[in-house]
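See below for the structure under consideration.
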Protein chains: 4
Amino acid sequence: MQHGKLRLGMVGGGQGAFIGAVHRIAARLDDRFELVAGALSSDPERARASAAEAGIARSYADWREMARAEAARDDGIDAVAIVTPNHLHAPVATAFLDAGIHVICDKPLAVSLAEGEALAQLARSKGRLFALTHTYSGYPLVRHARELVERGELGEIRVVQVEYAQDWLAEPVEAGGANRQAVWRTDPALAGPAGCLGDIGTHAYQLAAFVTGRRPDALSAELHTFVPGRRIDDHVQAMLRYANGARGMLWASQVASGAENALRLRVYGTKAGLAFDQEAPNELWFTPLGGAAERLTRARVKSPIAAHATRVPAGHPEGYLEAFAQLYKDAALQIDALNAGRAPPPESLLLTTVDDGVDGLRFIDAVLKSSAADGRWVKLAGA
Amino acid sequence: MQHGKLRLGMVGGGQGAFIGAVHRIAARLDDRFELVAGALSSDPERARASAAEAGIARSYADWREMARAEAARDDGIDAVAIVTPNHLHAPVATAFLDAGIHVICDKPLAVSLAEGEALAQLARSKGRLFALTHTYSGYPLVRHARELVERGELGEIRVVQVEYAQDWLAEPVEAGGANRQAVWRTDPALAGPAGCLGDIGTHAYQLAAFVTGRRPDALSAELHTFVPGRRIDDHVQAMLRYANGARGMLWASQVASGAENALRLRVYGTKAGLAFDQEAPNELWFTPLGGAAERLTRARVKSPIAAHATRVPAGHPEGYLEAFAQLYKDAALQIDALNAGRAPPPESLLLTTVDDGVDGLRFIDAVLKSSAADGRWVKLAGA
Amino acid sequence: MQHGKLRLGMVGGGQGAFIGAVHRIAARLDDRFELVAGALSSDPERARASAAEAGIARSYADWREMARAEAARDDGIDAVAIVTPNHLHAPVATAFLDAGIHVICDKPLAVSLAEGEALAQLARSKGRLFALTHTYSGYPLVRHARELVERGELGEIRVVQVEYAQDWLAEPVEAGGANRQAVWRTDPALAGPAGCLGDIGTHAYQLAAFVTGRRPDALSAELHTFVPGRRIDDHVQAMLRYANGARGMLWASQVASGAENALRLRVYGTKAGLAFDQEAPNELWFTPLGGAAERLTRARVKSPIAAHATRVPAGHPEGYLEAFAQLYKDAALQIDALNAGRAPPPESLLLTTVDDGVDGLRFIDAVLKSSAADGRWVKLAGA
Amino acid sequence: MQHGKLRLGMVGGGQGAFIGAVHRIAARLDDRFELVAGALSSDPERARASAAEAGIARSYADWREMARAEAARDDGIDAVAIVTPNHLHAPVATAFLDAGIHVICDKPLAVSLAEGEALAQLARSKGRLFALTHTYSGYPLVRHARELVERGELGEIRVVQVEYAQDWLAEPVEAGGANRQAVWRTDPALAGPAGCLGDIGTHAYQLAAFVTGRRPDALSAELHTFVPGRRIDDHVQAMLRYANGARGMLWASQVASGAENALRLRVYGTKAGLAFDQEAPNELWFTPLGGAAERLTRARVKSPIAAHATRVPAGHPEGYLEAFAQLYKDAALQIDALNAGRAPPPESLLLTTVDDGVDGLRFIDAVLKSSAADGRWVKLAGA
């Protein structure tokens, strides 16, 4: 193995999965990880074939076994990427944390707030990295947006509008079982009680929280299932109240015909407004009150924070994989520091954590409660 | 006076008003009206000076006197445009309807639902035209959008997202009194109990209703006032439920820093989605489920409905004044028909009416009630 | 007639014409003209019917007669709008100038440079207004762009890129004669020797000259006719050289499938670049070297020059008719001043003139010569 | 080394270079190459340090030595990536071809047409892969655009408009020597006789040729140097003529203030037009004559050609690195086939080749000749 690379394992992400391949590219892109072990499927044959296809040296049929075995090896993995359906996030993470292995876990953190809180407590006690892959916070201009808010360029935040629209579940594509993504994401036993809410609603929530540095105190929400026969929500709408008096709305839908992956955030403060659209991630719009809208780009903002999260010069577009790679890059920087007993470099600290995951579960929990109570305003736990 | 022109009067719209001048251009643009009489201000001197400046032959200091006098003349006005602050809409309209004069009235229709319902009843009993100037329904592509929904091109409607963001009230510009627009629009005695809600929230509501042909059954809403000292709401957010199970959100704000006049509608059905942005009114986006987004333009849609509402060839942009003029053009077509005892031409029937005004007041009423009840779901009257 | 309105006549623009109706709306929009006389067609019956339809009091079968008769009346027209095919621009303008009547003439000024120069000399000698309707210079943001260049915000101009693409002549629509627009615009006897070049190439040329305040010294050009059987060019491409060393390109096409009316200008200087797109005229893009692109809007630029050319508040889009109306408004301001022996108000002086028309003919002349000489660099007359 | 990976070497791309790092990420992204050897700099110390930083096992101080040594090893490199300044492309490529090693070379192919032709002949005689990294042809939607043209969806091609604007050389940034990129790219001894022309003009030329499947017969061009003291062109403009009568324009500039990396292509045929903008590579615009513009996206075009060049689902943006990686992926597919004596998979054949490089040199050659002859039309060699 080359100098400076960390050894990575993966749980989940076998053939037919989408997010496993994405994690593998992301881990590789900045050359800080080498994928050496995996339990890519609960089906042993699929696990073996998937590992071979991905060029993974050590394939395990069982993730518990993998945690044990890797912990015992001198050249065992430094970190594990967990890319299973949601219901396994917490058990798998627990096993690897217990084995002293750093964790990079897909969102949502867990299938209940209690489960997530227990996991967070464990992670803190183990002193291992626990990164949660909220991809969109890896975009350089999302990080710059956060910086603009933090520096006060928007003034006092008044209004937050965030939305995440897709259409891939506009029809009952889970029926029949061929679309494996659709099957598990609409099955409460695998996805947890939140469908669209957990799958993309949490991304929207996290993006707003990440950029504004604020979490709502309370929300009034409604879940809905449009597609007949679906066992889980495919649509969520919510109104938000913040401690400082700010107001907001959050909308996520997987039946918005024509929408591909339309995650959009707008924030309005007393001094300026900003807007970001995930489908055009190479620009960020900033408009001072009474002034012209400015199209900010990575290269032009001259921001060390954005520069840390980019690889190519002005006008060379970056995309989703680069944002994802940024999470792995930051994870590597932090793992290096933890392994060496150093403080992690400040620029790596925007990586989303297990606490962000707990916060997302508080959001899910409050939406579920509010929706069940016909939209009653519900306080977020801990708020 | 030239052949074929109707005689128009105007109440309100004196110097310093914005909407009066807009009405005058709109009435003139298609050459169907000549403005001959006016009571442009409650201040007699301002009324006289404003009328002279606008080239209006007969100036009145009082609108009651104007209604009486014009009704008595052989060459009296055919129609009156009411462009006063909201609290006078109903009284002035009542006076002119009683005088047998057609009415073209700014929105919102009245300052209470009861007042609006009485006015609608009066209008029906008089057999006069009562046009409400919801400008945005005059855009050819808004009308084409409605047609697309009606023809079933979107399938069953599932999701409605409508918003109207401005920033001109982000600061307390009403203080001091110099900004006359801001003064009356934030004064409950003149604007009625709904600030942002009545001023632009109703436009958003009406646009969604116009295009979808559907009104929500119930809503959960919250009004908010951001600017200290302001006596009326400057922000409204609401969730909507429709009879067919559709869901929606409505947001209107006058403190959204950076927003000029950002009225936007998105509608998603089982077969397709569409999007319209008032600030780019020469395009309408239509995306079939699984297909490419199409940028529809007036000339390319080859729609008689759009053609009726346009004046220039492909690629020559039209704007707000043309949309406004369309309302006057349709009003002229209907008045001609009413005067002649004919049925109005079908293409003129998209003009918004006193019933649309009542519907807007039902929306306002429900929002006020829901907001007062901490966002409780409130049924719309008549729903 | 109302106080303050000027009496307008019109030559050309009968039924079936596009530009006549546009001129009539434009003249009416700002309420400074009343259209009272016309010779709308060379066909007497069509002339009469067209005048009646347009509500024109005095219809003439012949424009020579109209010039004589109107000059002789106490209430004769103040100005004439010439909206005929190109070959009549100069003869008609000459007749009205000789009769002491102000002229508002469509572009191109004439069908040859010599004809145009004679006309310019006549106009100067008569002391009458001669306005040329290069519509696009009526947009507030085009005027603001010019102001930005003039103020030095772009630094020294280096590169000019201008283009005007349409597709309405992509097929031989002139065949058969039903499309009257296409028939005369592709007939050298009516349109002059320049087809696409004269029809839209001159607009592109003029827009670049208007904004930059610079005319090229020399050009290398090529005309082309794509549609079989067409008797005139439908495509022009040119390279430009300016006195200060700047370079440029100009492209105009009427066979660019998919293009509606895509007139676009980009100017790059040592300090900044700007971009304007006629199909989105409510925004102007300005990008300082090394900085963020700024989306300038009418309301936000806080420019008296833009304010003079707008009628509605921020975010209420204006379009082609408003730009056209601006030319009439400026013409009225200048005619008032000429009639009163006053200097015209400075803000009215951006109106394009007969000299701009001569300049456009120099451009046409140079393109024709260069194209005939296989693209040899040709100096513009007077350069 | 893992199963299935090819061994890659690199010449050039040491510390301070931009394109070397890009090649390394691109080679890694799809996991088909392992970078094991390099001569990253002509400065031995820099070569060593750069190799260590990049995790390259075998560092050479000299590329001739590297070619010899690697050819002699059992585990020697399969392919070499050449990322030096232009003047070394041909000598280095020659050395590695002579050693029987596949070549992946940056553009332009060489610093003269003669040099390029000799290299192409050598490559053909050796039966090794010679890939030229015209990155932009790796975008899935560029490939889909080519497919649309090939399938006849545009009809007969009439007009080609291509441009590439940047502003990073708007000022004399090469002065002083700190900006290493600027230094070599403006030094004729290193870059060859073509500055902007060779650096980005060739990209524009190649993109147009790639998509349309047509090369111009002849061109009329002008080079210009705007920045005082610069020893090479920083601006090129050209008019194009095609064999089928099509016309075109090409513009490239490195002094276009405000432009980042604005490579844009528009193609108009008798049936439709299309447009692509490198800065928004996740969409392709297609407009049938008389129809609505369609925004095509990777996922929605359902094209095997686009699918082969993409890695993530609908709405997850891809960028420049992914396009670059595609070239490496296709190279790997072809090298595998060559090594196995199989025909390469058809989907890999869009990779740009040494012949494309020669074609680009013919373009450069013709521009240099035409510009030197004051824009005389010059036939492209071989046309």
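The values are calculated or read from the model by the stated rules, or taken from the named source; none is laboratory data. Given the structure is predicted, the values throughout are model-derived calculations rather than measurements. No Cβ is skipped: glycine too gets one built from the backbone with ideal geometry, and neighbour counts run over all protein chains shown. Just so you know, the surface numbers come from the protein's heavy atoms only, side chains and all, with ligands and any DNA or RNA stripped out. Shrake-Rupley method; radii C 1.70, N 1.55, O 1.52, S 1.80 Å.
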Checklist outcome for this item: For the protein assembly as shown, the dipole about the Cα centre with charges only on Cβ (Lys and Arg +1, Asp and Glu -1), to the nearest 20 debye, works out at 0 debye
Item to check | Stretch gain in nm, segment A:Glu53-A:Ala178, where the contour uses 0.36 nm per residue and the Cα spacing is subtracted | outcome: 42.9 nm
Checklist outcome for this item: With R₀ set to 45 angstrom, the calculated FRET efficiency between the beta-carbons of A:Arg64 and D:Asp75, to the nearest 0.05, is 0.75
Checklist entry - Hey, got the average number of other protein chain Cβ atoms within 10 angstrom for residues in A:303-313? => result 2
Next on the checklist: What distance in nm separates the two pseudo spin-label positions at C:Ala343 and D:Glu45, each 7 Å out from Cα along the beta-carbon direction?
Outcome noted: 7.0 nm
Next on the checklist: How big is region A:205-311 along each principal axis, measuring the range of its Cα positions in Å and listing the largest first?
Outcome noted: 51, 34, 27
Item to check | Using distinct alpha-carbon pairs, which all enter the 1/r mean, Kirkwood radius of chain A in Å | outcome: 21.2 Å
Next on the checklist: Given bins 10 angstrom wide, list per bin the percent of all Cα-Cα distances in region C:6-128, short to long.
Outcome noted: 15, 49, 32, 4
Checklist entry - Near D:Lys5, which lysines are there with a Cα under 30 Å away, not counting those fewer than 8 places off in the same chain? => result A:Lys5, A:Lys329, D:Lys107, D:Lys126, D:Lys302, D:Lys329
Next on the checklist: Distance between the C-alpha centers of region A:293-334 and region B:173-230? Whole Å please.
Outcome noted: 40 Å
Checklist entry - Expressed as a fraction of 2.2 N^0.38 Å, the rule-of-thumb size for a compact globular protein of N residues, what is the C-alpha radius of gyration of the protein assembly as shown? => result 0.96
Checklist entry - Given Cα pairs under 8 Å that are at least 6 residues apart, what percent is the relative contact order of region A:285-364? => result 17 percent
Checklist entry - Which distance in Å, rounded to a whole number, links the C-alpha centroids of region A:90-161 and region A:33-74? => result 25 Å
Checklist outcome for this item: Once the dipole of chain C is set up from charges on Cβ (+1 Lys and Arg, -1 Asp and Glu), the residue from the list C:Ala337, C:Gln254, C:Ala79 lying farthest towards its positive end is C:Ala337
Item to check | Given charges at beta-carbon only (K, R positive; D, E negative), |dipole| of region B:275-338 in Debye | outcome: 240 debye
Item to check | Partner chain coverage, peptide A:366-375 - average Cβ within 10 angstrom | outcome: 1
Checklist outcome for this item: Under 5 Å from the placed amide H of D:Arg58, counting only residues 5+ away or on other chains, we find D:Ala37, D:Gly38
Checklist entry - In terms of Cα to Cα distance under 17 Å, which lysines are near enough to B:Lys379, apart from those fewer than 8 places away along the same chain? => result B:Lys369
Item to check | Residue (of A:Ala49, A:Val92, A:Ala120) at the positive-pole extreme of region A:6-128, dipole from beta-carbon charges | outcome: A:Ala120
Next on the checklist: Using the basic label-point model (7 angstrom from Cα toward the beta carbon), what is the C:Ser125 to A:Ala243 distance in nanometres?
Outcome noted: 8.4 nm
Item to check | Probe 1.4 Å, accessible area per residue of region C:6-128, Å² | outcome: 35 Å²
Next on the checklist: Can you give the FRET efficiency to the nearest 0.05 for D:Arg151 and D:Ala114, using r as the Cβ-Cβ distance and R₀ = 51 Å?
Outcome noted: 0.85
Checklist entry - Once you charge only the Cβ atoms, +1 for Lys and Arg and -1 for Asp and Glu, what is the size of the charge dipole of region B:1-152 about its Cα centre, to the nearest 20 debye? => result 260 debye
Next on the checklist: Accessible area of the protein assembly as shown with a 1.4 Å probe: how many percent of it is carbon plus sulfur?
Outcome noted: 52 percent
Checklist outcome for this item: A correct Stokes-Einstein calculation for region A:274-355, using the alpha-carbon Kirkwood radius, 25 °C and 0.890 mPa s, returns a whole-number D in µm² s⁻¹ of 170 µm²/s
Checklist entry - Is it possible to state the helix-based mean residue ellipticity at 222 nm for chain B, with each DSSP H run of 4+ residues giving -39500 (n - 2.57), the sum divided by total residues, to the nearest 500 deg cm²/dmol? What is it? => result -10500 deg cm²/dmol
Next on the checklist: Restricted to Cα positions, what overall size does region D:331-383 have along the principal axes? Three whole-Å values, descending.
Outcome noted: 51, 15, 15
